[in-house]
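For reference, the structure discussed in these notes is given below.
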Amino acid sequence: MQIKLTTPLLVLALSAFAFMGCDGYHTRIHSLNMTIAEAPEVHGANTSQSAHSASWRFTGKVNSNSREDVTKTVKGTSYASDNTKVTYKLGGTDFSAKADFLYKLDGFTFGTGAGFKDGLYHHFTLGANLQYFEFGFFFGFFHQYNNVKYVGSKCQYIYHLFTETEEDCQSFSDDRDIITTSPFMGSYAGIMIDNFFINYSVGVYKPSVDIEKSSLDLAIITTQYITIGYRINRRIELSLGAVINYMDIPHWNYGFTGGLSFYAM
């Protein structure tokens, strides 16, 4: 008798759930326009540093890349943000400033640095500094200043056992300046001959934007710096080079950089 009563009650409960359903919200980002900067430049001492010595370097640079708008349709990291048209606005001319601290043991070096380039960034370095060659690795955080413009919609949905319906959709949009934080990392290598040096540095980061509690799978930015320079004396250094940006859309972007550094030994 108990089994006969339980079965109809179970069927009745499931039927009630199927017809009553539950509700929630779907957020969709239809389009996003945002400014994007190249990864910051990090390199070594640019000279054969004396063992068990410290060095402070202060650098100012001008950077110029071709100005472009690059558009790609991407999927979000959740159902709420699929099929979003993202336009990356990159390039232009800007100025950057940076302070580095480098300390050398017998052959290995470690240091830290902080600077401003389209936002604040800071990093740690670890490498080796020899008579004619140096190399190293770095890791840090890039607090980038971005302008974002987006359009989206938030819809209430009712989910039944077999169907899902949407109703009461509300659209939203915004145009504002924000600060995003992304980890960045990379490596560098350099050749030093007398007062001349050649540097190669590559940095990688992935921007992240949170819109209405919905995130997007944005492009990875890889920036390469190839620079040549000359140490005028122990205190002053000049440099000039090329900047090569790659976005895994895929897309390439090119520019140049030049600057002046002052050393405090």
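The values are calculated or read from the model by the stated rules, or taken from the named source; none is laboratory data. Bear in mind the structure is a predicted one, so any value in this text is a computation, not a measurement. Note: ideal-geometry Cβ built from the backbone for every residue, glycine included; neighbour counts use all protein chains shown. With ligands, DNA and RNA removed, areas are computed over all heavy atoms of the protein, side chains included. Shrake-Rupley method; radii C 1.70, N 1.55, O 1.52, S 1.80 Å.
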Local electrostatic count, S55, Cβ distance below 13 Å [Lys/Arg +1, Asp/Glu -1]:
+2
Quick check: at a probe of 1.4 Å, how many percent of the accessible area of region 163-265 sits on carbon and sulfur atoms?
60
Considering only protein heavy atoms and a probe of 1.4 Å, how much of the accessible area of region 78-145 is carbon and sulfur, as a whole percent?
74
If L240, L216 are ordered by their accessible area, calculated over protein heavy atoms with a 1.4 Å probe, which sequence runs from highest to lowest?
L240, L216
How high is the relative contact order of region 219-265, in percent, with contacts defined as C-alpha pairs under 8 Å that are six or more residues apart?
37
Surpassing 23 Å at the alpha-carbon level, of the pairs K75/K117; K85/K117; K98/K149; K61/K89; K149/K206; K154/K213, are K75/K117; K85/K117; K98/K149
For F197, what charge total do you get from the other residues with a beta carbon under 12 Å from its beta carbon, if Lys and Arg give +1 and Asp and Glu give -1?
-2
If Lys and Arg each add +1 and Asp and Glu each add -1, what is the summed charge of the other residues whose beta carbon sits under 13 Å from the beta carbon of S187?
-2
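Compute the accessible area per residue over region 191-265, keeping the other protein chains in place, probe 1.4 Å, unit Å². Write down the numbers at each step before the final one.
On the way: 3790 Å² over 75 residues.
Using a 1.4 Å probe on heavy atoms only, each residue of region 191-265 averages 50 Å².
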